[in-house]
Amino acid sequence: MKIAMLHTTIRTDEKLLIKAAKSRNVNLECLDVRNMILDIDNDYDYDIVLERCISTTKGNYGTSFFESLNISVVNSSAVARVCQDKYLTSLALAKDQIPTPDFTMVFDLGAARTAIEQIGGFPVVIKPTIGSWGRLLSKVNDFDALETILEHKQVLGSPHHKAFYIQKYIEKKGADIRAFVINGKVICAILRRSDHWITNTARGAVAENFTVDKRLEIICRQASDAVGGGILAIDLMELNGGYTINEINHTMEFKNSETPTGVSISGAIIDYCLKIAKQNNL
Amino acid sequence: MTANCPICDAQVSIPADAKVSEVIRCVDCNNQLVIEKIDGDMTVLQEAPQVEEDWGE
C-alpha cells in the first residue's frame, strides 16, 4: 500500500502523519507540490493521495490532477470546494437544515445594510470567503464600521474580497469547540478558550479536551454528509442548549489537539487513507 | 547535525528526523527557516516563505 502525502511546507502536523505511517509500516511518500510538474503524461503508482497543502490554491490543483489520473485523494476536490469557501459551506449546511449562524452574501454597501437587517441586525462578522487562522475577520457593531470596512475592501481588495460574506455574530462566551471528524464519526474534540472573540489556536487560544456527547456526534455526522465526508475539523459553538456550526476545515491542523485529547488524530487519518485505498483496490 | 542560518549565519541544530520542506526556527534570530536540501551530513536552509492569502486549513 502506497500513500502519497501532497504538501507544501512540512509542519508538525505532517511530521506526526509521517510518524503514524511509519509506525504502521505504511509506505508514505512526501510530494512537495511546489516542485511538481502536474503533467498527465507522468506516471504515478500511488494507492491514495493525502492532500496536506498549506496553500489552498496549490492543494486544489494537485487534488484535481491526481483525480484526473483516477487516483483517490483525501479530501476530494468536491469536499475541498465546499469547505474552503465559507459561503459555500454555509449554503451546504443550510440546505440540509443543519444549525449554522444566519448568513448572507452581498456585493455592495446598500445591499449589506438591508441584508444585515434581515439577519437580525448588528453585531455581525464579515469574513473573507477563503482564508483561515482567523485572518481578516471583522466584528462589525454598527453601520459606521460597516461602511468603513466595505469601502476598504472595495478599494484595496482582490475580487474575492469584494464578495461580502456576512455572518450573524454569536456570543460564544470565550470558547468554541472543534470536533475532529473522519468519515462522519467524531474521533475527539477540543474546547478552544480565548479572551479574544476569535478563538483559533493559531491566534493563541488554548485547547483542552471536550467530552463528545450524542448531540455533537449527530450534528457532526449531518455536517459531514452535507459537505461530502472525508477528514474534517468542524468548528461549533454552543447555542440555546444545542450546537451551531461556524465553519468546516478540510485540511485540518491538529498538532495542538493530540495531547489534550489523548487521541492519535494522525493515526486515525492514516488509517482512514488505508481504508479508502483498500476499498478502491477491491 | 547543524546548518548555517541563511539570515544570521548562526549554527542551527537540525533534528535527526528532519525532512526536506520542513519548517524550523533559528534560535538566534528567531526567523522561520525551511530545509531546502539534505545530502548526507549537509543540510541547506532557506528563509521560510511568508504567509500567503490562501494559506490555512
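Which whole-Hz couplings ³J(HN,Hα) result when phi for each residue of the range A:216-226 is put into the Karplus expression 6.51 cos²θ - 1.76 cosθ + 1.60, θ = phi - 60°, listed in order with x for Gly and Pro?
Values per residue, Gly and Pro as x: 5, 4, 5, 5, 5, 5, 4, 5, 4, 4, 5 Hz.
What is the Cα centroid distance between the range B:22-57 and the range A:207-225, reported in whole angstrom?
If you average the Cα positions of each part, the centres end up 35 Å apart.
Considering amide H positions built from the backbone, and no H for Pro or chain starts, which residues 5 or more places from B:L33, or on another chain, come under 5 Å of its amide H?
Distant-sequence amide H within range of B:L33: B:I24, B:R25, B:C26, B:A48.
Around A:T114, under 15 Å between beta carbons, what's the net of Lys plus Arg minus Asp minus Glu among the other residues?
Its environment carries a net charge of -2.
What distance in nm lies between label points placed 7 Å from Cα along the C-beta direction at A:Q97 and A:F143?
Calculated label separation equals 3.6 nm.
A:E29's amide H: which non-local residues (gap 5+, or another chain) put their own amide H closer than 5 Å, with H modeled 1.01 Å from N in plane and none for Pro or chain starts?
A:I3, A:A4, A:M5
Which angle between 0 and 90 degrees, to the nearest 10, do you get for helix A:109-118 versus the longest principal axis of chain A when only C-alpha atoms count?
Taking the Cα atoms of chain A, the angle to A:109-118 is about 90 degrees.
Work out Dmax and Rg for chain A from the C-alpha atoms and quote the Rg first, both in angstrom.
19.4, 60
Residue-wise, which Karplus ³J(HN,Hα) couplings in Hz belong to the range A:272-278, taking 6.51 cos²θ - 1.76 cosθ + 1.60, θ = phi - 60°, and x for glycine or proline?
5, 4, 4, 4, 5, 5, 5
Provide the FRET efficiency to the nearest 0.05 for the A:S158-A:N25 pair, computing r from the beta carbons and using R0 = 56 Å.
After rounding, the FRET efficiency stands at 0.80.
For an R0 of 45 angstrom, estimate the FRET efficiency from the Cβ-Cβ distance between A:S68 and A:T114 and round to the nearest 0.05.
With a Förster radius of 45 Å, E is 0.55.
Add -39500 (n - 2.57) for each DSSP H run of 4 or more in chain A, then divide by its residues: what number comes out at 222 nm, to the nearest 500 deg cm²/dmol?
-11000 deg cm²/dmol
Read phi for every residue in the range A:254-259 and hand back ³J(HN,Hα) as whole Hz from Karplus 6.51 cos²θ - 1.76 cosθ + 1.60, θ = phi - 60°, with x for Gly and Pro.
9, 4, 8, 10, 5, 5
What is the projected area of the convex hull of the Cα atoms of the range A:102-168, averaged over all directions, in nm²?
With the hull built on Cα positions only, its mean projection is 3.9 nm².
When the expected Rg is taken as 2.2 N^0.38 Å, what fraction or multiple of it is the alpha-carbon Rg of chain B?
Normalised Rg, Cα atoms only: 1.13.
From the Cα trace of the range A:1-154, what convex hull volume per residue do you get, rounded to a whole Å³?
For the range A:1-154, the hull spanned by Cα atoms encloses 158 Å³ per residue.
Take the cross-link list A:K153/A:K173; A:K15/B:K37; A:K173/A:K214; A:K185/A:K214; A:K15/B:K19; A:K15/A:K185 and give me the ones stretching past 20 Å between alpha-carbons.
Those over the limit are A:K153/A:K173; A:K173/A:K214; A:K15/A:K185.
Hey, rough spin-label estimate for B:C8 and B:M42, points 7 angstrom out along Cα→Cβ, what's it come to in nanometres?
2.6
Around B:A16, under 15 Å between beta carbons, what's the net of Lys plus Arg minus Asp minus Glu among the other residues?
+1
Any read-out appearing in this document is the output of simple, stated calculations on the displayed coordinates, not a laboratory observation. None of these values were measured; they are calculated from a predicted model. Backbone-built Cβ (ideal geometry, glycine too); neighbour counts: all protein chains shown.
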